[in-house]
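Since the structure comes first, as structure tokens, the remarks are kept for the end.
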Amino acid sequence: MPSSWNNRRTFLGAMSTTFLGTLLQQTWPGTSSKSELDTPLPGEMQKGKDYLFEPGLTYFLTAALGPCSRTVVEEISKAMYTMESNPSAKLYGTGEFASLAEKTRESAATLLGCKKDEMVITRSTTDGMNALTQGIRFQPGDRVITTDQEHGGGLLCWKYAERYLGVKLDIIEIPPGENDSTAIIGRIESALTNQTRVISVSHILSSTGLRMPVEIIAEIARSYDILCIVDGAQAVGNIEVNVKAMACHAYATSGHKWLMGSKGTGLLYISDEVNDIIRPMQYEDNRNFYNESIGVGNLPGAIGLGKAIEIALSTGIANIEKHNMELRNRIYNGLLKIDKIKMMSAAPGKLASPLITFQLPDEIDSQEFRMKLAEKYKMMVKSVPQRWMNGIRLSPHIFNTEKEVDKLLEVLRTELN
Ligand SMILES: Cc1ncc(COP(=O)(O)O)c(C=O)c1O
């Protein structure tokens, strides 16, 4: 790194502190008073009033999109108002805003346990996965192992490689409801060939919330000199993630789900061990938020994401995970008492995550059921895509309460018994 960059960073860091201090004195349209901004962060995450939900809404849909807290919305608004006062000067001129986006990369690196240089701010998990695929110089006949439970955002990139780059896919089956990590590892091992270049799996399955044995999968990949790429859309901000301990080569995630950051943001880790093997065009110049190979990005979004990460770190991911798992296990135990449904997620224990899914009987359509809960009870849940099952997925997060879980269970009992 050029030494001029270090000087520049120190100078900009000092500028941005003063600058932000001034901003915090101001009131922004549609935002709260200063005293609300001063609320201690860990407590803030636990209070419903710090989110902008419609009155009476119960939200069990973070796995699709998480809500930004009021503080994060204010941070994005401040950045927006200031930037639009003199766009080019704020963005390129002194670079004060660009340095805030770089701060987001630093916080993200702390969150995932890697170096800042290994971290990129993206638009989404899908964006990160696409960049990885595009950055690997595949040869026709190379093979990729993945699973039939990947989200479209983690699968399209490999389908693209199959269609246009001559890559062959080995898609192993994970029957929903099986929840057996030994069987999954066995299937991956059986699919290995001399041509396998990548093993790509989700950290937490979008369909059932199964925690995949990613550490073991990474170890297998490494032992055969294969890349291990993990789609962490459902993990970051939800459970503890350390990419170095996991030992994957690359990890893509979203900012707009469990981190509750700005919509249209994501994070991508590329280990510096594979800098010569994974070279996405977007980061050819460097991995800064603004660089000459990617151009201008959504700077207020990146700054809002930084605030969301800061809040998550100050709350403590271990505390968030504990809270989410307690609610999830309460849902699990309640669901077992409803005869008409079939539990698809793992029993409380090491394979369970805060996402929990149940299957509906054939005569009840999951889409219609989801809409009924939204219209009749203002309760937001997800219908699982039919290619996986006729099911409903719930994703409790830090702002949800036991009372809301009990209300959910009551609603399900009323509608299904
Ligand atoms: C496992 C998984 N991967 C990828 C995605 C897509 O995320 P994004 O919209 O951030 O690309 C999702 C979204 O639900 C997901 O569950």
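A viscosity of 1.567 mPa s and a temperature of 4 °C, combined with the Kirkwood radius over C-alpha pairs in the Stokes-Einstein formula, give the chain a diffusion coefficient of 58 µm²/s.
What the Kirkwood sum gives for region 227-292 is a hydrodynamic radius of 12.9 Å, with every pair of different alpha carbons counted. I'd like the trypsin sites (Lys or Arg not before Pro) in region 367-401 restricted to DSSP loop residues with at most 13 other Cβ atoms within 10 Å, sorted by number. Counting only loop positions with at most 13 other Cβ atoms within 10 Å, the trypsin sites (Lys or Arg not before Pro) in region 367-401 are ARG387. Shown for the chain are the DSSP H helices of 30 Å or more along their axis, judged by Cα atoms, with a mean Kyte-Doolittle hydropathy of at least -0.5: 3-25. Highest mean first, the peptides 247-256, 145-154, 397-406 sorted by other C-beta atoms within 10 Å per residue fall in the order 247-256, 145-154, 397-406. When shorter helices are ignored and each DSSP H run of at least 4 residues is given -39500 (n - 2.57), the per-residue value for the chain at 222 nm works out to -13000 deg cm²/dmol. The mean sequence distance of close C-alpha pairs (under 8 Å, at least 6 residues apart), as a share of the length of the chain, puts its relative contact order at 21 percent. How much of the pair distance distribution for region 131-188 lies past 18 Å, counting alpha-carbon pairs only, in percent? Value for region 131-188 (Cα pairs over 18 Å): 38 percent.
In this simple spin-label approximation, ALA374 and LYS403 carry label points 7 Å from Cα along the Cα→Cβ vector, and these lie 2.6 nm apart.
Rounded to the nearest 0.05, the FRET efficiency derived from the C-beta distance between GLU178 and GLU215 at R0 = 22 Å is 0.65.
Here the chain is treated with +1 on each Lys and Arg Cβ and -1 on each Asp and Glu Cβ, and its dipole about the Cα centre works out to around 440 debye. Peptides 207-218, 162-173 ranked from most to least packed by the mean count of surrounding Cβ atoms within 10 Å: 207-218, 162-173.
Counting charges near ARG137 (Lys, Arg +1; Asp, Glu -1) among other residues having Cβ under 14 Å from its Cβ returns a value of -1. Three semi-axes describe the equivalent ellipsoid of region 292-417; taken as square roots of 5 times the Cα gyration tensor eigenvalues and ordered largest first, they are 31, 19, 14 Å. When each of the peptides 76-85, 180-189 is scored by how many other beta carbons lie within 10 Å of its residues on average, the order from highest to lowest is 76-85, 180-189. With Cα atoms as the point set, region 98-237 shows a radius of gyration and Dmax of 15.5, 47 Å.
No value in this document is a laboratory result; all are computed from the given coordinates. Keep in mind the model is a prediction, meaning the values are calculated, not measured. All Cβ positions, even for glycine, are placed from backbone atoms using ideal geometry, and neighbour counts span all protein chains on display.
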